Amino acid sequence: MITWCANHPTASNLLIAVIMILGLAALPGLQRETLPEIQRNKVEIRVPYRGATPAEVEDAVCRHLEDALEGITDLDEVRCEAREGVGTATALTLEGADMARFLDDVKSDIDAIDDFPDQIEPPVVTELGRIKPVVSVAVTGPEDPLVLKAYAEDLKDRLLVLDDIAEVTVEGFSDHHIRIEIPG
């Protein structure tokens, strides 16, 4: 390849020019993000059933939830967990599904269940977001650690104002301590 490029410099230059033009043409279509967009894909249905054993919750809550959810469009999987006093179902969507429509379908199907026992409280349907570390930001400098921590807390407050950011944690600084000395 090197020998061919050395013997045909015009062809080599044309090949490099074509590669550069193709790269420039593809540049607008590249996805560039500081914070990647993460699709939500889970809906949780929580049904409190005070004083019930896990077996009672399984029979009175989980079976009804699973039956109600099985006909929903774009449903990938349903998991139901029965604990003492509460039944929790998690419905996962297929990848690329419309989450707003899926959430509405789940709410309407859960609201349509009319054979729950009387002791059951109304079901709570919530869309679950992903909470995993996506970006880490290091705050360093020659300043005092107290100044750096104050700056990190200010940065946290500014990030939490953004709609796309669900959680921000500040780590690596010691807790504030107050020392009170009594002369004596």
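Readers should treat all values here as calculations from the given coordinates under stated rules, not as data from a laboratory. Remember, it's a predicted structure, so these values are computed and weren't measured experimentally. Don't worry about glycine lacking a Cβ; one is built from the backbone with ideal geometry, like all the others, and counts go over all protein chains shown.
Think of each Lys and Arg Cβ as +1 and each Asp and Glu Cβ as -1; about the Cα centre, that makes the dipole of the stretch 42-128 roughly 320 debye. Here the alpha carbons of the stretch 131-184 define both size measures, Rg and Dmax, at 15.2, 55 Å. Angle of helix 145-160 to the longest C-alpha principal axis of the chain, folded into 0 to 90 degrees and rounded to 10: 70°. Sorted into 10 angstrom bins from 0, the C-alpha pair distances of the stretch 42-128 split as 19, 54, 23, 4 percent.
Considering only the Cα atoms of the chain, their convex hull presents on average a projected area of 24.2 nm². Helix-only arithmetic for the chain: the sum of -39500 (n - 2.57) across DSSP H runs with n ≥ 4, divided by the residue total, places the mean residue ellipticity at 222 nm at -10500 deg cm²/dmol.
Candidate cross-link partners of Lys149 among the aspartates and glutamates, defined by an alpha-carbon separation under 14 Å and a same-chain spacing of 8 or more, comprise Asp157, Glu171, Asp175.
Principal-axis analysis of the Cα atoms of the chain puts helix 99-111 at an angle of about 10° to the longest axis. By the Cβ-Cβ criterion of under 4.7 Å, the unpaired cysteines of the chain are Cys5. Rounded to the nearest 10 degrees, the angle from helix 9-26 to the longest Cα principal axis of the chain is 30 degrees.
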